[in-house]
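Trainee: First the structure, which I've put down as structure tokens, then a few questions once you've had a look.
The values are calculated or read from the model by the stated rules, or taken from the named source; none is laboratory data. If you're wondering where the values come from, they're calculated on a predicted model, not measured in any experiment. Cβ coordinates were reconstructed from backbone atoms using ideal geometry, including for glycine residues, and neighbour counts include every protein chain displayed. Calculation scope for accessible area: heavy atoms of the full protein, side chains included, ligands and nucleic acids excluded. Shrake-Rupley method; radii C 1.70, N 1.55, O 1.52, S 1.80 Å.
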Amino acid sequence: MNAPSETLFLHPETPFLKLSQPFVEQVKTHPLPEPYWISWNSHLAKSLHLSLEATPAWLNVCAGRVNQAWCSVYSGHQFGVWAGQLGDGRAHLLGSVNTIDQALEIQIKGAGLTPFSRMGDGRAVLRSSIREYLASEAMAALQIPTTRALALVGSTLPVQRERWESAAIVTRLAPSFIRFGHIEHFAHRGDIAHVVTLLDYIIEQHYPQLLESDTPYIDLFEQMVSHTARLIAQWQAVGFCHGVMNTDNMSVLGITLDYGPYGFLDHFDWQHRCNHTDHQGRYAYINQPHAAYWNCAALASAFWPLIADENLLSDRLERFHERYQWSYLQLFRKKLGLQQAKADDSALIQDLLDLLHQHRVDFTLFFRLLSDLSLTDSARDATLLAPLDRSVSLFNLWLQRYRQRLIEEESQDSARHPLMRRTNPRFVLRNYLAQEAIDKATQGDFSMIKSLQEVLHSPFDEHPEFSSWAELPPAWSSSISVSCSS
Ligand code: AMP
Ligand code: MG
């Protein structure tokens, strides 16, 4: 079948494709048989001013029935070990679409084998596709840089994982899907000419402010380190755990990429591991900043042949900590409704998180409730924090310090409350909610995907009809285990 006319929206001049081999190669797709819509993200299409609609022709595109598609090669460090060549094993680049302010590349995930599929089948199951679809949009609504998800298409095609499941495809958009691993791939082979081509491309397309720089590569490295540090601080501030922070899953633009066994914290736990298969806890919540720094160090090795001065490279790498700490403090101050920076803010935040950890207090719910704290009437604290199912006395000492701090900066309830409610989400994609949506979808009922999509699109709003989703999760949610299987 020929590609439908709507594919004309796909920009044939996608810059990344012009790099051609050995960066990208043209491949065939293996479309999903009997595809059907599970979800079409009209919010996204509209916000990007894309004149795209969920037409039958687009259904075919999103199911992989296209004339042309491309894959790219990358390598990477997985769980701290060099894994060699990886590449787009199940992601096909279809081209790009021009939105109002930028061009976005379009990838479909799960349209069959590619030259980089290795032992995989090139498919993605419905379960993990729903998880990626919902999480991308939830993160975007939390104002965290991420790939976006435009469509979710299902099929009757059976796919084997631990058990038989059905195949699906997420259509995702990003300015670029280039990973640390793309650069590492060529550097590891000593192919410096191709490292240079790739870095020049990244600068030209994505960091044009560096075009005039006398030291473009070290500046580019610094930008990547800085964006990564900022992103991880943003993850920490919403309690997001990625689960597989390998260098092949780290974006050179500092956007959240490849949603596998991710999870949002329910009760706060420094050691939370969202990836069941991460036995050592390498990517546990508390370790995410260090894992990101480690990944930046791996990236530094790839830049090494281009930067004559070793000290310069390590100096830029070390800036990760400063940048991370700055972003982290800024974000947590905002979560606490603090307008001014004070020297002991770090201790105030750390002590609070230790308290939440010690008493297994729900992270999202705590900050949301705290948003309505009355400065004048501490007697109200008990009722305010009652939904946490913990005695308010646990927080008394910390609340005294916090109140004192607010009073010192002359904080006004009337101004602080709405600000904090716009910072601390009422809704995040809790694991049990994603699981319920998956269970229903497996029975052919996609209504919860739609409702979650609506609620998570504006996670700071009240959505009274879905108030139970903002409450403590049910006991069974702690038994959900998510692995790399997808
Ligand atoms: P991930 O850890 O999911 O980001 O994937 C690591 C590598 O495995 C990437 O090269 C993926 O393209 C590849 N991969 C993962 N799942 C599959 C699959 N089902 N078929 C082919 N390649 C896959
Ligand atoms: Mg990946």
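Trainee: Would it be correct to say that Gly95 is touching a His at 6+ places or on another chain (Cβ under 6 Å) and either in a strand (DSSP E or B) or away from ligand 2 (no atom under 14 Å from the Cβ) (or both)?
Mentor: Considered against the rule, which asks whether it is touching a His at 6+ places or on another chain (Cβ under 6 Å) and either in a strand (DSSP E or B) or away from ligand 2 (no atom under 14 Å from the Cβ) (or both), Gly95 comes out as yes.
Trainee: Condition first: over 17 Å from Arg403 (Cα atoms) and either open to solvent by 10 Å² or more (accessible area, probe 1.4 Å) or not in a helix (DSSP H, G or I) (or both). Can you find one or more residues in region 349-357 that meet it? Spell out how you get there, then give the answer.
Mentor: The first filter runs over region 349-357 and keeps only residues over 17 Å from Arg403 (Cα atoms), leaving 354, 356-357.
From what is left, the residues that are either open to solvent by 10 Å² or more (accessible area, probe 1.4 Å) or not in a helix (DSSP H, G or I) (or both) are 354, 357.
Yes, that holds for at least one residue.
Trainee: Are there any helices (runs of 4 or more DSSP H) wholly within region 378-446 with 2 or more residues that are touching a residue at least 60 places away in the same chain (Cβ under 8 Å) and out of contact with any Phe, Trp or Tyr (no Cβ under 8 Å at 6 or more places or on another chain), and if so which?
Mentor: Passing ranges, in order: 396-408, 413-421, 431-442.
Trainee: Just one of the numbered conditions (1) modelled with pLDDT of 95 or more; (2) away from ligand 2 (no atom under 16 Å from the Cβ) is not true of Ile255; which one?
Mentor: The one condition Ile255 does not meet is (2).
Trainee: I've got another one for you. Which of the residues spanning region 156-177 are in a strand (DSSP E or B), in contact with a helix residue (DSSP H, G or I) (Cβ under 9 Å, 6 or more places away or on another chain) and not β-branched (Val, Ile, Thr)?
Mentor: Result: Glu165, Ser166, Ala167, Ala168, Arg172, Leu173.
Trainee: Also: Tally the residues that are open to solvent by 70 Å² or more (accessible area, probe 1.4 Å) and either under 18 Å from Ala291 (Cα atoms) or not assigned by TED's automatic domain parsing to the domain that holds Glu222 (or both), restricting the search to region 306-322.
Mentor: 4
Trainee: A further question follows. Examine region 73-83 for a residue that is away from ligand 2 (no atom under 16 Å from the Cβ), in a loop (DSSP other than H, G, I, E, B), crowded, with 18+ Cβ neighbours inside 10 Å and of a type in the set (A, V, I, L, M, F, W, C), and state whether such a residue exists.
Mentor: No, region 73-83 contains no residue that is away from ligand 2 (no atom under 16 Å from the Cβ), in a loop (DSSP other than H, G, I, E, B), crowded, with 18+ Cβ neighbours inside 10 Å and of a type in the set (A, V, I, L, M, F, W, C).
Each row is one residue, and each column tells you yes or no for (1) among the acidic types (Asp, Glu); (2) within 30 Å of the chain's Cα centre (by Cα).
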| position | (1), (2) |
| --- | --- |
| Asp377 | yes, no |
| Asn396 | no, no |
| Asp413 | yes, no |
| Arg422 | no, yes |
| Arg426 | no, yes |
| Leu429 | no, yes |
| Leu433 | no, yes |
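Trainee: Would it be correct to say that Gln68 is touching a residue at least 24 places away in the same chain (Cβ under 8 Å), under 30 Å from Gln280 (Cβ atoms) and open to solvent by 10 Å² or more (accessible area, probe 1.4 Å)?
Mentor: no
Trainee: Now, a different point. For the subset of region 232-248 comprising residues that are within 16 Å of ligand 2 (Cβ to nearest atom) and closer than 21 Å to His272 by Cα, which member is surrounded by the fewest Cβ atoms within 10 Å (Cβ to Cβ)?
Mentor: In this case the residue turns out to be Val244.
Trainee: Limited to region 255-300, what total is found for residues that are open to solvent by less than 30 Å² (accessible area, probe 1.4 Å), closer than 25 Å to Leu355 by Cα and in a helix (DSSP H, G or I)?
Mentor: The qualifying residues number 4.
Trainee: Working carefully through the options Ser136, Ser129, find the one that is more than 12 Å from ligand 1 (Cβ to nearest atom) and open to solvent by less than 10 Å² (accessible area, probe 1.4 Å).
Mentor: Going through Ser136, Ser129 in turn, the sole match is Ser136.
Trainee: Please work out which one of (1) assigned to a helix (DSSP H, G or I); (2) more than 16 Å from ligand 1 (Cβ to nearest atom); (3) in contact (Cβ under 8 Å) with a residue 24 or more places away in the chain is the condition Asp248 fails and give its number.
Mentor: (2)
Trainee: Here's a follow-up. Mind listing whichever residues of region 369-393 are open to solvent by 80 Å² or more (accessible area, probe 1.4 Å) and either outside the structural domain of Leu352 (by TED's automatic domain parsing) or hydrophobic (A, V, I, L, M, F, W, C) (or both)?
Mentor: Result: Ala379, single match.
Trainee: Mind counting the residues in region 358-377 that are in a loop (DSSP other than H, G, I, E, B) and polar (S, T, N, Q)?
Mentor: Residues flagged as in a loop (DSSP other than H, G, I, E, B) and polar (S, T, N, Q) within region 358-377 amount to 3.
Trainee: Can you name every residue in region 161-174 that is surrounded by fewer than 19 Cβ atoms within 10 Å (Cβ to Cβ), touching a residue at least 12 places away in the same chain (Cβ under 8 Å) and not basic (Lys, Arg)?
Mentor: Glu162, Ser166
Trainee: May I pose another question? Give me the pairs, please: first residue somewhere in region 90-104 and without any contact (Cβ under 8 Å) to a residue 60 or more places away in the chain and closer than 11 Å to Phe16 by Cβ, second residue anywhere and more than 16 Å from ligand 2 (Cβ to nearest atom) and of a type in the set (Lys, Arg), beta-carbon distance under 8 Å, and either six or more positions apart or on two chains.
Mentor: Qualifying pairs under 8 Å: none.
Trainee: Hey, could you check region 394-441 for residues that are among the small types (Gly, Ala, Ser) and open to solvent by less than 70 Å² (accessible area, probe 1.4 Å) and say which is farthest from Gln236 (Cα to Cα)?
Mentor: Within region 394-441, the first condition is being among the small types (Gly, Ala, Ser), and the residues that meet it are 411, 414-415, 434, 437, 441.
Next cut, open to solvent by less than 70 Å² (accessible area, probe 1.4 Å) only: 411, 415, 434, 437, 441.
Details: Ser411: 25, Ala415: 25, Ala434: 20, Ala437: 25, Ala441: 30 Å.
Across region 394-441, the extreme among qualifying residues is Ala441.
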